[in-house]
1. Within 19 Å of T158 (Cβ to Cβ), at pLDDT below 90, crowded, with 19+ Cβ neighbours inside 10 Å and under 29 Å from the mean Cα position of the chain (by Cα), is that true of L264?
2. Of everything in segment 44-67, what is basic (K, R) and surrounded by 12 or more Cβ atoms within 10 Å (Cβ to Cβ)? Give them in sequence order.
3. Got a sec? Which of I41, I23, I10 is surrounded by 21 or more Cβ atoms within 10 Å (Cβ to Cβ), in contact with a strand residue (DSSP E or B) (Cβ under 8 Å, 6 or more places away or on another chain) and either within 24 Å of Q196 (Cβ to Cβ) or assigned by TED's automatic domain parsing to the domain that holds L95 (or both)?
4. Hey, D91 hits all of (1) exposed (fewer than 12 other Cβ atoms within 10 Å of the Cβ); (2) over 22 Å from V111 (Cα atoms); (3) at pLDDT 95 or above but one; which does it fall short on?
5. Being assigned to a helix (DSSP H, G or I) and surrounded by 14 or more Cβ atoms within 10 Å (Cβ to Cβ) is the filter here; which residues of segment 325-348 pass it?
6. In this structure, is H327 in the same structural domain as P152 (by TED's automatic domain parsing) and under 25 Å from S223 (Cα atoms)?
7. Being in the same structural domain as A187 (by TED's automatic domain parsing) and on the phi > 0 side of the Ramachandran plot: is that true of A297 here?
8. Quick one: which helices (runs of 4 or more DSSP H) lie wholly within segment 236-313 and hold at least 2 residues that are over 30 Å from E337 (Cα atoms) and in contact with an Asp or Glu (Cβ under 9 Å, 6 or more places away or on another chain)?
Amino acid sequence: MQRQIPARPIDEILREKQSFDCIIDVRAPAEFLEDHIPGAINLPVLDDLERAEVGTLYKQVDPFTARKRGAALTSANIAKHLATLSDHPRDWRPLVYCWRGGQRSGSMALVLNEIGWPVTLLQGGYKAYRRELQATLPEHIARLDFRVLAGPTGCGKTEILKKMADTGFQVLDLEALAQHRGSLLGAEPGAPQPSQKYFDSLLFEALCRMRSDQPVWVESESSKVGEIHLPKALFARLTQAPALALECPANARAEFSLAAYQHLTLDPERTLALIDKLAFRHSKEQLHLWRTQLEAADWFSLCESLLTQHYDPAYRRSQKRLQITAHYALSSPGHLEPGLKRHLEADF
């Protein structure tokens, strides 16, 4: 007798996500790239071109012809995917989903079930997951107690937050999720930003793990991190949360920034193009000075000037929206020094 394949709702799936050995997204690669459940792998039963072909047949010929072609393509693709899954033991527990929890995921699940693996379907598919995210993300934002780590560029806030996380603080690293350091020069080399929807998914997953009985530390950000928009509810909470402002001399911050942004010194033409984008805010004389420093490879002077003439004024403007309740003078950028750690543990 064929074992029935269970289909479970998204709220149960998210609560018990760790009980699955693998999450399989069988949608086309373009769908997967735009967004997916974090941790899922993509085993498409139809690739992008095949999906378009079947869709065209459905609209221009008839549904029966489309289903025949879709079944042939799906069978061939599932057969290929089985080669990558064949080493899994009998008790391997996969979760499978597609767009709406229909034919694509059902086809894959049927084969996995016939082999004998205890497969589960996500009821409603990706659409159910996306609806759950949109409905409950504001609730997670509201239930958490945020603290903001502020300070001018070059203080090493990101590095301090990483060390805080290593020592037991709850930390939400928005720049890591967005793959961007949050400024015009902040693009991570070789690491394109995720789509807005996938950033939302990564944020949702991170917030779901956070405990409400402990503060959540977040670096001060604008409403956008690169091209990624923060949820309005989160940005509002961060502007209302208590903030600790770090302080550090410009020359120390320049040295630290040069090491952190070393890739910009290796591609002067790209760096010059980024500096030219600052023309909307600075005089021709200032831009000429920066170009001259770059052409002379006077990286320290360029970095210190960018900090004091561009980033520091922007930081001072941003302070007006923060609830800064304490200050701390760093001995050196990027270090979770004992005095700072005690300050943080005391909730300043």
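The values are calculated or read from the model by the stated rules, or taken from the named source; none is laboratory data. Everything numeric here is computed off the predicted structure, so don't read it as measured data. A quick note on method: Cβ atoms are made from the backbone with ideal geometry, for glycine too, and the neighbour counts reach across all protein chains shown.
1. Yes: the conditions hold for L264.
2. Across segment 44-67, the qualifying residues are R51, R67.
3. Checking each option against the conditions leaves just I10.
4. (2)
5. Hits for segment 325-348 are L340, K341, H343, L344.
6. Taking the combined requirement at face value, the residue satisfies it.
7. For A297, the condition - in the same structural domain as A187 (by TED's automatic domain parsing) and on the phi > 0 side of the Ramachandran plot - is met.
8. In segment 236-313, the matching helices (runs of 4 or more DSSP H) lie at 268-276, 284-295.
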